[in-house]
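Have a look at this one before I ask anything.
The values are calculated or read from the model by the stated rules, or taken from the named source; none is laboratory data. All figures in this text were calculated on a predicted structure; none of them were measured in a lab. All Cβ positions, glycine included, derive from the backbone under ideal geometry; neighbour counts span all protein chains shown. Please note that ligands, DNA and RNA were not included when accessible areas were found on the heavy atoms of the full protein model with its side chains. Shrake-Rupley method; radii C 1.70, N 1.55, O 1.52, S 1.80 Å.
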Amino acid sequence: MAPYFVLDGDVLLPGQAAQGPWGQTISGHVVGGILARSLEQVGSGPELQPARLTVDLLRPTAIEPVEVRTTVRRDGRRIRLVDAELIQDGIVVSRASAVFLRRGEQPSGDVWSAPIAMPALPPDPGPMPDDVMMYVWGYGGDGMSGGAMGFTEWHDTAGPKYAWVRQVRPLVAGEPNSPFVEAAMAGDATSALTHWGTGGLRYINADYTLTLTRLPVGDYIGLAALVHSSHDGVASGAAAVFDAQGPIGNAVTVGLANPAESFHPKA
C-alpha cells in the first residue's frame, strides 16, 4: 500500500493517505510516528530501551511538506533524553520527547498489578482497500464481540473498550516500520478508545504519552481502556498497552471537546 510519506532529502512529503479524521490535516498517529522515527534514529543504541514517548499536538498539521529537528538533551550512562520538533513553513506544529533507558538485570520478587485480559487477536483481514489507514478491530462491553474499525462496538456501550491495531502501510517509502514506530502510531488510538462514548467521539486529542517496558513483538498492538475523566470539555484517558505476548506498557492522553460533526473516520 502507498506510504504516508516520501523522503526528499531532509524533507518529508505527505500523501493523501496521511489525512486524519478531523479535516484536511495529517492524522495524529502519523505525526506521532514521524516524531518517533526521528527520536529513535538519534536516541537508539545498544541495550537502550525506548521507555517513554510524549507527543504534543500543538496545532493542525497541513498535508504539506514537513521537516523534523532533533536535539539530544541528556546522554548519560543509563539514560538518554531526546527532543524532536515537527516543522512546517518555519513553525513548530508538533513536538515530542523520548526517554531511552539502558536495560539491565530484572529484580527478583513480585510487584502487584491489576489483572487485565485482552480479547483474542482478530481474524486475518485479508486484502484491504487502498484508502484504509490502519486495521483497527474494536471490542466493547464484555470484550467478546468486535468488528473492524470498532466504532459501532464503542458507540453502543458505556462499558469497557478494547482494540487491536495493525499498521497496513509504511510510514516512509522504502523503510519498514520499526516496532517503536508502530507502538507510537498505535498509542495515538488511546484518545479514541478512552474518550469514545454513547454519543460518539466528542474529544480531539491534544497530546499522548506512551510508556514501554519492552518493544512490541508481532503485527498487532492492543489497547485496553482503563479510565476516562472529563469536566467542562477537558478529558483525560488512560489505557494499558499489549502485544500478542502480554502487557508492554501504558498510554495516557488528554483532549478537548469538539463538535461531533467534525469527526469523519476513514472506513
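Sort out which residues of the range 49-77 are closer than 18 Å to E182 by Cβ and either buried (at least 22 other Cβ atoms within 10 Å of the Cβ) or over 20 Å from the mean Cα position of the chain (by Cα) (or both), and write them in order of number.
P50, L53, V55
Just the residues that are surrounded by fewer than 16 Cβ atoms within 10 Å (Cβ to Cβ) and not hydroxyl-bearing (S, T, Y), please, taken from the range 220-245.
Passing the criteria: V227, H231, D232, G233, V234, A244, Q245.
Using the structure shown, decide if S27 is under 22 Å from L210 (Cα atoms), open to solvent by less than 30 Å² (accessible area, probe 1.4 Å) and touching a residue at least 24 places away in the same chain (Cβ under 8 Å).
yes
Among the residues that make up the range 43-52, is at least one of them closer than 19 Å to L171 by Cβ and touching a Lys or Arg at 6+ places or on another chain (Cβ under 6 Å)?
yes
If I filter the range 130-146 for residues that are open to solvent by 40 Å² or more (accessible area, probe 1.4 Å), modelled with pLDDT of 85 or more and closer than 19 Å to G249 by Cα, do I get at least one hit?
The answer is no; no qualifying residue exists.
Given the condition more than 28 Å from L12 (Cβ to Cβ) and among the β-branched types (V, I, T), answer yes or no: does some residue in the range 218-236 qualify?
yes
Something else about it: Search the range 78-98 for residues being more than 22 Å from N205 (Cα to Cα) and in contact with a strand residue (DSSP E or B) (Cβ under 7 Å, 6 or more places away or on another chain), and hand back the single one that is most open to solvent (accessible area, probe 1.4 Å).
The qualifying residue most open to solvent (accessible area, probe 1.4 Å) is R78.
To continue, here is another question. In the range 86-109, how many are within 21 Å of E67 (Cα to Cα) and hydroxyl-bearing (S, T, Y)?
Qualifying residue count for the region: 2.
Taking the condition of being under 21 Å from G200 (Cα atoms) and in contact with a Ser or Thr (Cβ under 8 Å, 6 or more places away or on another chain), how many residues in the range 218-250 meet it?
12
Which of the residues spanning the range 246-267 are in contact with a strand residue (DSSP E or B) (Cβ under 7 Å, 6 or more places away or on another chain), surrounded by fewer than 18 Cβ atoms within 10 Å (Cβ to Cβ) and among the small types (G, A, S)?
Matches in the range 246-267: A257, A260.
Something else now. Out of the residues in the range 158-183 that are under 19 Å from A224 (Cβ atoms) and in a loop (DSSP other than H, G, I, E, B), state the one that is most open to solvent (accessible area, probe 1.4 Å).
Among residues in the range 158-183 that are under 19 Å from A224 (Cβ atoms) and in a loop (DSSP other than H, G, I, E, B), the one most open to solvent (accessible area, probe 1.4 Å) is A158.
Follow-up question, since we're still on this one. Take the conditions open to solvent by 70 Å² or more (accessible area, probe 1.4 Å), at pLDDT 95 or above and outside any strand (DSSP E or B) and apply them to S113. Does it pass?
no
Among (1) modelled with pLDDT of 95 or more; (2) more than 22 Å from S94 (Cα to Cα); (3) touching a strand residue (DSSP E or B) at 6+ places or on another chain (Cβ under 8 Å), where does W196 come up short?
Only one criterion is unmet by W196, namely (1).
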